Amino acid sequence: MASETSVVTPQRFQEGFSYGDYMDQIKVNKARFEGFYKFQIKAEDASALKELASRKGGPAKMLVLGEDWCGDVIRGLPMLARVAEVAGLDMKIFPRDQHHDIMNEFLKEGQWMSIPVAVFYTADHEYICHWIERPVIAEKEMEEIGEAIKAENPEINDQDYGRERRARTAARSEFWQQASVDELKELLNKSIG
């Protein structure tokens, strides 16, 4: 949860990477990021996001914590970039492992360094809300996918399990990206009022 005196000052926010600069410096999974960037925000969602951004106290900035090796970031960051684009938000990206002080303000359930994290601020840099990791439906379905793989092959080794899980979750990615957009709209609407 964001503290009252955040380490994310307006000056620190500006030190983050733009999406293009982040993509230029990543070390792994560039093709996967690019594939997920093909996701398009629906026209009605774009209108809703623009309307939220235009409200008094609406979002003008989005800080994202992530790492290029994380599957949730590979799928989620391109979607967050699309949200920022359609809503006209200034998005800055911070690699989590180099910015633990920021991450510690937005721990999942107060203890997990889950990523991506998207933090929304007003134009005056007032904290609005934050969203962590993945949509609720993805959490549920990922558990079901893992259980199904192990039920089908109880002796599966970790490497084969990882490959199969990645293949099955990839098939759900576009749906999960859309579910994330829906959650973000709902969260922002509730937080702005």
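Would you mind stating whether Ser18 is among the small types (Gly, Ala, Ser), under 20 Å from Met103 (Cα atoms) and surrounded by fewer than 18 Cβ atoms within 10 Å (Cβ to Cβ)?
yes
Which one is farthest from the chain's Cα centre (by Cα), of the residues in segment 118-168 that are under 23 Å from Arg82 (Cβ atoms) and of a type in the set (Ser, Thr, Tyr)?
Among those that are under 23 Å from Arg82 (Cβ atoms) and of a type in the set (Ser, Thr, Tyr), it is Thr122.
So in segment 124-167, with the set limited to residues that are open to solvent by 60 Å² or more (accessible area, probe 1.4 Å), within 20 Å of Pro78 (Cα to Cα) and among the charged types (D, E, K, R), which one is modelled with the highest pLDDT?
If we take residues in segment 124-167 being open to solvent by 60 Å² or more (accessible area, probe 1.4 Å), within 20 Å of Pro78 (Cα to Cα) and among the charged types (D, E, K, R), then Glu139 is modelled with the highest pLDDT.
Taking the condition of being of a type in the set (A, V, I, L, M) and assigned to a loop (DSSP other than H, G, I, E, B), how many residues in segment 99-158 meet it?
Total satisfying the criteria: 5.
If you check Ala31, Ala84, which single one turns out to be outside any loop (DSSP other than H, G, I, E, B), among the hydrophobic types (A, V, I, L, M, F, W, C) and over 15 Å from the mean Cα position of the chain (by Cα)?
After ruling out the rest, the residue left standing is Ala31.
Among the residues of segment 54-77 satisfying the criterion of being surrounded by fewer than 22 Cβ atoms within 10 Å (Cβ to Cβ), free of Cβ contacts under 8 Å to residues at least 60 places away in the same chain and closer than 17 Å to Gly35 by Cα, which is farthest from the chain's Cα centre (by Cα)?
The residue in question is Trp69.
Inside segment 78-109, can you point out the residues that are touching a residue at least 60 places away in the same chain (Cβ under 8 Å) and open to solvent by 60 Å² or more (accessible area, probe 1.4 Å)?
Within segment 78-109, just Asp101 meets the criteria.
Take the residues of segment 168-193 that are hydrophobic (A, V, I, L, M, F, W, C) and modelled with pLDDT under 95: which is most open to solvent (accessible area, probe 1.4 Å)?
Of everything passing the filter in segment 168-193, Ala171 is most open to solvent (accessible area, probe 1.4 Å).
Working carefully through the options Asp68, Asp45, find the one that is within 30 Å of Asp124 (Cβ to Cβ) and acidic (Asp, Glu).
Answer to the selection: Asp45.
Could you please let me know if Asp45 is open to solvent by 10 Å² or more (accessible area, probe 1.4 Å) and either of a type in the set (S, T, N, Q) or outside any strand (DSSP E or B) (or both)?
no
Mind listing just one residue for me: the one in segment 4-15 that is part of a loop (DSSP other than H, G, I, E, B) and in contact with a strand residue (DSSP E or B) (Cβ under 8 Å, 6 or more places away or on another chain) and, of those, least open to solvent (accessible area, probe 1.4 Å)?
Taking the candidates together, the pick is Val8.
The values are calculated or read from the model by the stated rules, or taken from the named source; none is laboratory data. Keep in mind that this is a model prediction, so the values were computed, not measured. Using ideal geometry, Cβ is built from the backbone for each residue, glycine included, and neighbour counts are taken over all protein chains shown. Protein only, heavy atoms only, side chains kept; ligands, DNA and RNA dropped before computing areas. Shrake-Rupley method; radii C 1.70, N 1.55, O 1.52, S 1.80 Å.
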